[in-house]
Ligand SMILES: [Zn+2]
């Protein structure tokens with residue numbers, strides 16, 4: 001056989017910078033008093049001369065949107081600019097009636113921040129935030145045959161754009177980053193986090209490079225994937241692009257700087273339009289708006305309004321309540337879940353490993369029931385459950401007090417989940433309390449011995465593995481309600497006292 005010299009395979013690794021657009025949860029739009037609550041309403045019913053771009057209409061800044069941006073900047077460890085300036089980004093498109101978008105450009109509200117993410121190996125990685133700035137959203141075009149319908153309800157919605165440095169090095173890191181960022185935005189109450197409704201949109205800039213190029217900081221050509229509306233899509237698009245670009249380069253090709261879209265059905269990126277490298281938007285400061293001047297006192301005041309964020313919650317769960325890291329992370333990831341957990345612990349108690357026991361019940365049995373509900377498997381439903389945190393605490397306390405065993409408790413929980421009844425009430429009505437009364441157990445054991453003289457003889461003759469057989473008989477005779485600990489102890493005594 002002839003050996004064929006193989007070309008050494010070049011290995012590429014992926015590098016991602018992320019742009020995230022978050023619609024801010026304000027009552028009114030960015031520069032007018034139109035309501036932001038337009039979802040489901042007829043097109044063009046939330047509009048006025050300002051967001052329609054009519055001649056002579058003047059914009060007025062929304063203070064709540066600026067405060068939401070500054071609060072987010074503080075949470076993302078950013079420097080808050082003393083002066084931010086809105087600029088006009090000029091381009092023509094039907095969903096942009098003014099012919100320009102107002103956006104912070106050279107002087108954004110927030111700069112140079114960071115967010116730490118946890119990797120699967122337990123280590124932490126810092127993703128730097130390049131900037132976070134405020135702008136207005138565009139309207140929405142619906143293309144249909146020979147015409148395009150324009151809905152301007154969304155036009156002028158306050159939009160926070162967060163841009164990271166190219167620090168993300170895998171689809172998993174992107175997933176972890178966005179999960180953490182979304183949790184923080186929800187904790188702050190500045191964004192709903194509803195990606196499927198377009199309230200949070202992600203655009204990864206993806207390139208690949210070899211180890212040698214990395215050592216020389218020689219970046220590859222970036223491909224931008226536009227408007228991804230799920231975490232799964234972000235992960236899929238990065239994985240797909242990393243592979244596609246490596247293949248193109250491996251075949252001696254070049255990467256074009258383009259915008260891509262994500263084809264959910266075929267799980268691949270598709271070309272949208274080639275991107276001009278020097279797109280000239282003719283930015284200039286918006287003459288109708290003054291600069292945003294932010295005093296240190298204002299920043300301080302806003303900093304004081306920040307809630308406890310997921311990271312410090314997670315650390316508190318681990319350090320003060322002794323939770324396992326995995327549970328601390330799961331329970332702190334969604335504020336509504338954290339609220340539920342903390343309310344349950346307050347009722348149940350914090351000593352003797354109780355918080356960890358409560359965590360097991362919530363992330364095990366309760367989450368299982370929520371997911372089993374099917375429709376919209378969202379853990380935030382926890383705040384609307386029929387069973388409140390105090391009731392769950394009541395159930396777990398019954399297990400501690402040996403009123404019911406763990407298996408019975410799981411069945412009781414299912415009933416509580418459906419009816420919202422208290423555990424105690426279900427246990428009493430259905431006679432589920434454990435039997436630890438030795439009289440009852442003695443009676444059952446005597447009957448079992450009488451019915452199984454052969455097994456009894458063999459056990460007493462040294463075949464001790466038959467203990468399991470007798471234990472099973474006791475549980476069956478008491479319909480599973482025997483306190484396993486008490487029953488085991490008593491059975492042992494009776495077997496040995498021949
Ligand atoms: Zn308006």
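Since every read-out is calculated from the coordinates, none of them should be taken as a lab result. The model shown is predicted, which means the values in this text are computed figures rather than measured ones. Note that we place each Cβ from the backbone using ideal geometry, even for glycine, and neighbour counts take in every protein chain shown.
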How high is the FRET efficiency between residue 9 and residue 304 when r is their beta carbon distance and R₀ equals 51 Å, given to the nearest 0.05?
0.40
Under a crude label model (7 Å from the Cα following the beta-carbon direction), how far is residue 61 from residue 368 in nanometres?
5.4 nm
Find how many whole Å separate the alpha carbon centroid of the range 71-130 from the alpha carbon centroid of the range 196-210.
15 Å
Efficiency of FRET between residue 90 and residue 118 - r from beta-carbon atoms, R0 35 angstrom, step 0.05
0.25
Quick note on 302, 200, ordering by fewest other C-beta atoms within 10 Å, gives 302, 200
Please rank 219, 12, fewest neighbouring Cβ atoms within 10 Å first, as an exposure proxy.
219, 12
At what distance in nm do the modelled label points of residue 497 and residue 406 sit from each other, each positioned 7 Å from its Cα along Cα→Cβ?
3.0 nm
Inter-part gap, Cα centre of the range 336-397 to Cα centre of the range 422-498, in whole angstrom, is 33 Å
In terms of the alpha carbon gyration tensor, root eigenvalues a ≥ b ≥ c, rounded if a/c is under 1.5 and otherwise prolate when a/b exceeds b/c or oblate, the range 65-152 is oblate
Extension gain, residue 149 back to residue 430 (0.36 nm per residue minus Cα-Cα distance, nm):
95.1 nm
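Compute the Rg to Rh ratio over the range 13-301 from the alpha carbon atoms, using the Kirkwood formula for Rh, and round to two decimal places. Working shown, then result.
Values: Rg = 19.4 Å, Rh = 20.1 Å.
Reported Rg/Rh (Cα atoms, Kirkwood Rh): 0.97.
For the range 102-214, report the % of Cα-Cα distances exceeding 18 Å. Before the final figure, lay out each step's value.
Details: 3941 of 6328 pairs.
Of the Cα pairs, 62 percent sit more than 18 Å apart.
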Stretched out fully, how many nm does the piece from residue 446 to residue 254 gain, at 0.36 nm a residue minus the Cα gap?
60.7 nm
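Taking 0.36 nm per residue of separation and subtracting the Cα-Cα distance, what length does fully extending residue 297 through residue 471 add?
Values: separation 174, 0.36 × 174 = 62.64 nm, distance 7.04 nm.
Contour length minus Cα-Cα distance gives 55.6 nm.
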Counting other C-beta atoms within 10 Å, which of 60, 396 has the fewest, and how do the rest follow?
60, 396
Rough spin-label spacing in nm, given labels placed 7 Å along Cα→Cβ, for residue 27 and residue 227:
3.1 nm
Mean shadow area (nm²) of the C-alpha convex hull around the range 308-429 is 7.1 nm²
Any chance you could give the angle, 0 to 90 degrees and rounded to 10, that helix 335-348 forms with the longest Cα principal axis of the chain?
30 degrees
Projected onto their principal axes, the Cα atoms of the range 420-498 stretch, largest extent first, over whole-Å spans of 52, 19, 16
For the chain, count all C-alpha to C-alpha pairs, find those more than 37 Å apart, and express that count as a whole percent of the total.
47 percent
